[in-house]
Amino acid sequence: MSTATLPTISNCTVAACSYNHADACSAAAVTIGTKPEAACATFIPLSVKGGLDRVTSFVGACTKADCSHNSHLECTAESIRIGADKADCLTYSAR
Ligand code: SF4
């Protein structure tokens with residue numbers, strides 16, 4: 001899998017995250033899979049905003065091996081959505 005084919009984050013509604021800008025993620029890439037939830041491990045609620053100027057982020061890695069989109073600890077979905085109180089991956093689908 002090349003970086004050109006990594007899943008994009010189509011939407012993230014976690015406004016409290018420093019990387020969130022108008023319901024979009026501006027981190028270069030995120031890691032999903034803090035157990036037990038499919039939580040975004042990149043979530044950080046600092047008092048400063050960060051990230052890149054662009055708002056196209058990618059899923060760099062995901063440790064939710066029990067998700068139907070997961071293959072060898074990488075996400076194979078075309079894109080994912082992130083939301084909910086704990087910055088969960090809403091595209092998670094149990095096998
Ligand atoms: S869709 Fe599944 S494999 Fe992809 S990031 Fe979400 S939990 Fe991980």
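Summed over region 55-81, residues that are within 9 Å of the chain's Cα centre (by Cα) and near the ligand (Cβ under 8 Å from one of its atoms) total 3.
Yes or no: Arg81 part of a loop (DSSP other than H, G, I, E, B), surrounded by fewer than 21 Cβ atoms within 10 Å (Cβ to Cβ) and basic (Lys, Arg)? In short, no. Taken over region 61-91, the criterion of being of a type in the set (Ser, Thr, Tyr) and within 21 Å of Ala15 (Cβ to Cβ) is satisfied by Ser79, Thr91. List the number of the failed condition for Arg54; all other conditions in (1) surrounded by fewer than 18 Cβ atoms within 10 Å (Cβ to Cβ); (2) assigned to a strand (DSSP E or B) hold. Tallying (1) surrounded by fewer than 18 Cβ atoms within 10 Å (Cβ to Cβ); (2) assigned to a strand (DSSP E or B), Arg54 fails exactly one: (2). Quick check on Ala65: is it of a type outside the set (Lys, Arg), part of a loop (DSSP other than H, G, I, E, B) and crowded, with 19+ Cβ neighbours inside 10 Å? Spelling it out, it is not the case that Ala65 is of a type outside the set (Lys, Arg), part of a loop (DSSP other than H, G, I, E, B) and crowded, with 19+ Cβ neighbours inside 10 Å.
A Cβ distance below 6 Å, combined with a sequence gap of six or more or placement on separate chains, defines the contacts here; from region 59-84, residues that are under 15 Å from Ala4 (Cβ atoms) and of a type in the set (Ser, Thr, Tyr) reach residues that are more than 8 Å from the ligand (Cβ to nearest atom) and assigned to a strand (DSSP E or B) in the pairs Ser79/Thr8; Ser79/Ser10. For region 15-41, a tally of residues being crowded, with 20+ Cβ neighbours inside 10 Å and either under 21 Å from Asp53 (Cβ atoms) or small (Gly, Ala, Ser) (or both) returns 11. Cys89 meets all of the listed conditions (1) surrounded by fewer than 17 Cβ atoms within 10 Å (Cβ to Cβ); (2) within 8 Å of the ligand (Cβ to nearest atom) but one, namely (1).
Only one of these is more than 13 Å from the ligand (Cβ to nearest atom) and either without any contact (Cβ under 8 Å) to a residue 12 or more places away in the chain or out of contact with any Asp or Glu (no Cβ under 9 Å at 6 or more places or on another chain) (or both): Val14, Val30, Val48. Name it. Working first, answer last.
Working: Val14 fails: either without any contact (Cβ under 8 Å) to a residue 12 or more places away in the chain or out of contact with any Asp or Glu (no Cβ under 9 Å at 6 or more places or on another chain) (or both); Val30 fails: more than 13 Å from the ligand (Cβ to nearest atom).
After ruling out the rest, the residue left standing is Val48.
Only the coordinates and a few stated rules stand behind these numbers; no lab work does. Worth saying up front: this structure is predicted, and the values here are computed from it rather than measured. Heads up, the Cβs are rebuilt from the backbone with ideal geometry, glycines too, and the neighbour counts pull from every protein chain shown.
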